[in-house]
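Read the structure below first, then the notes.
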Amino acid sequence: MQSIKLRAVVGALTLVICAGNIAAVASAATRHHQHAHGGHSHGHKREHAMPGGYGAWSRVADCESGGWQVLGSAYPDSLGINRANWLAFGGKPMGPGPVGLAGQAAEIRVADRLIAHYNAAIPDQYGCGPW
């Protein structure tokens, strides 16, 4: 039982370490869009507001699955959360393949609940490692 808890905490820490890069990418994309379109929104509604820590969670996704993509059912997310924890913290089953912005936001919400439960930080922020 302790090994399962330790693995969950290590996993949560890996998530915490990776999350900072996502915010930087999102911020750069926003600046690019504003520059390319003269700072105007052109009436586009933002359908899925990205949760805080998007950059950090993107680092986790890069480490765990090579980016925002689901590789299989044992880890049904981009962030390396095992199936049991994924479901326990509110994750919905996702098929293999790329994950869109809505899915990324949903994954971050699940991961945030997981790390909050274990009082852990987002992992993989200073290099990839098991969590």
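The values are calculated or read from the model by the stated rules, or taken from the named source; none is laboratory data. Just so you know, these numbers come straight off a predicted model, no measurement behind them. Note: ideal-geometry Cβ built from the backbone for every residue, glycine included; neighbour counts use all protein chains shown.
Annotations for the structure displayed:
- Count of segment 52-87 residues which are without any contact (Cβ under 8 Å) to a residue 24 or more places away in the chain and part of a helix (DSSP H, G or I): 4
- If you go through segment 98-131 and keep only what is assigned to a strand (DSSP E or B) and in contact with a strand residue (DSSP E or B) (Cβ under 7 Å, 6 or more places away or on another chain), you end up with just Pro98.
- Against the criterion of being over 11 Å from the mean Cα position of the chain (by Cα), part of a helix (DSSP H, G or I) and modelled with pLDDT under 95, His40 does not qualify.
- The residue list Gly95, Gly90 contains one member that is under 18 Å from Ile115 (Cα atoms), part of a loop (DSSP other than H, G, I, E, B) and either free of Cβ contacts under 8 Å to residues at least 60 places away in the same chain or aromatic (Phe, Trp, Tyr) (or both), which is Gly90.
- Within segment 92-131, being modelled with pLDDT of 95 or more, more than 12 Å from the chain's Cα centre (by Cα), small (Gly, Ala, Ser) and under 18 Å from Ser65 (Cα atoms) holds for one residue alone: Gly97.
- Count of segment 46-80 residues which are modelled with pLDDT under 95 and of a type in the set (Val, Ile, Thr): 0
- For segment 100-117, a residue qualifies if it is of a type in the set (A, V, I, L, M) and farther than 15 Å from Arg59 by Cβ, and the qualifying residues are Leu101, Ala102, Ala105, Ala106, Val110, Leu114, Ala116.
- Segment 116-131 residues that are charged (D, E, K, R), paired with ones that are assigned to a helix (DSSP H, G or I) and surrounded by 17 or more Cβ atoms within 10 Å (Cβ to Cβ) (beta carbon under 6 Å, 6 or more apart): Asp124/Thr14; Asp124/Ile17; Asp124/Cys18; Asp124/Arg59; Asp124/Val60; Asp124/Cys63
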